[in-house]
Amino acid sequence: MKRYALQPLVIGALNPESPVSKHRQLRAILRTHAQETCKPGDRLPPERELAEYFDVARKTLRQAIDSLVEDQVLKRVVGVGTFVAHPKVDLQAKLTSYTEEMHRRGMVPAARVLRFDSVPAVGNLAREMGLAEGTPVVRFRRLLLADGTPMSLDDNFIPEHLVPGFLDDEAPMSLYQRLDERYGLILQWAEDEIEAAAATVENADLLKVEIGFPLLRVTRHAYVDDNLIDFSVSVYRSDRYKLFVPIQRHGMRPPRYTKITQT
């Protein structure tokens, strides 16, 4: 214990007189350490050192850490160590822009524009948008970031005849805001299809994850009245988002919202 006298590994100590079990005391101490002392991504001291420091069995320490991993406070990387997890931020499945959502959460949004051009709608794209083959559409492809971290890769497609001159200006920071302010297109409703996907070579490089890393793929059709305005395909890092869907029984009080949640 003397080796840690000048620089404790973690602030806190077990109370041998407490009726609370050691692993629960450890869980509380490590939770406070992770949330108040550390930053997301910080590494915890090795389990062996923590067990020695608190004078507990490795099994007891591991039980506390397992509980915090389950609560998504900590994250284990096999063969590397245990880290403070990035808190998952709610990305609600409603018709607000990414910029608005990130500002609402106190995060700094940014976007790297990858494509902003006109392409013909062919094959599956034409079918999804209900357009004749070859109809020009605006393609808007972006890598979206929050606080400098890649969060998602978005492809938006808009029928070009609905947004004349759209490509004459610089790519917008907020797509929905530009559609509203310049064209009076306020999206009223949408249908989202959500499925699991794996990172491709291209996606992995852009999102800074490994090839095959699990992603959430969201396909959206967004409308004004019955007119499709925006068809989009987005892939989200699964370590930064989780899906939360309130379910309502017909005739009962409506749920608060449906959302995708982010780390």
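Which condition number does residue 81 fail, the rest of (1) without any contact (Cβ under 8 Å) to a residue 24 or more places away in the chain; (2) over 17 Å from residue 11 (Cα atoms) being met?
Of (1) without any contact (Cβ under 8 Å) to a residue 24 or more places away in the chain; (2) over 17 Å from residue 11 (Cα atoms), only one is false for residue 81: (1).
Can you tell me which of 52, 36 is exposed (fewer than 11 other Cβ atoms within 10 Å of the Cβ) and farther than 16 Å from residue 239 by Cβ?
Exactly one residue qualifies, and that residue is 36.
Residues to consider are 191, 202, 210; find the one that is within 21 Å of residue 115 (Cα to Cα), among the charged types (D, E, K, R) and assigned by TED's automatic domain parsing to the domain that holds residue 119.
On inspection, the qualifying residue turns out to be 202.
Which of the residues spanning the range 118-159 are acidic (Asp, Glu) and over 19 Å from residue 220 (Cβ atoms)?
133, 147, listed by residue number.
Which of the residues spanning the range 30-73 are over 29 Å from the mean Cα position of the chain (by Cα), of a type in the set (Gly, Ala, Ser) and assigned to a helix (DSSP H, G or I)?
Within the range 30-73, just 51 meets the criteria.
Run residue 208 past the list (1) under 21 Å from residue 151 (Cα atoms); (2) touching a residue at least 40 places away in the same chain (Cβ under 8 Å); (3) surrounded by 14 or more Cβ atoms within 10 Å (Cβ to Cβ) and report the number of the one that doesn't hold.
In the conditions (1) under 21 Å from residue 151 (Cα atoms); (2) touching a residue at least 40 places away in the same chain (Cβ under 8 Å); (3) surrounded by 14 or more Cβ atoms within 10 Å (Cβ to Cβ), residue 208 misses (3) alone.
Of all residues in the range 139-175, count the ones that are part of a loop (DSSP other than H, G, I, E, B) and either over 15 Å from residue 230 (Cβ atoms) or not hydroxyl-bearing (Ser, Thr, Tyr) (or both).
10
When you look at residue 202, is it modelled with pLDDT of 95 or more and charged (D, E, K, R), yes or no?
no
Scan the range 176-188 and tell me whether some residue there is part of a strand (DSSP E or B), of a type outside the set (D, E, K, R) and modelled with pLDDT under 90.
no
Output the number of the condition that residue 136 fails; it satisfies all remaining conditions of (1) assigned to a strand (DSSP E or B); (2) touching a Lys or Arg at 6+ places or on another chain (Cβ under 9 Å).
Of everything listed in (1) assigned to a strand (DSSP E or B); (2) touching a Lys or Arg at 6+ places or on another chain (Cβ under 9 Å), residue 136 misses just condition (2).
Tell me, yes or no, whether the range 8-24 has at least one residue that is within 12 Å of residue 82 (Cα to Cα) and either surrounded by 14 or more Cβ atoms within 10 Å (Cβ to Cβ) or modelled with pLDDT of 90 or more (or both).
Within the range 8-24 (the criterion being within 12 Å of residue 82 (Cα to Cα) and either surrounded by 14 or more Cβ atoms within 10 Å (Cβ to Cβ) or modelled with pLDDT of 90 or more (or both)), the answer is no, since none of the residues qualifies.
The values are calculated or read from the model by the stated rules, or taken from the named source; none is laboratory data. It should be emphasised that the depicted structure is a prediction, and the values quoted were computed from it without experimental measurement. Cβ sites come from the backbone with ideal geometry, for glycine too, and all protein chains shown count toward neighbours.
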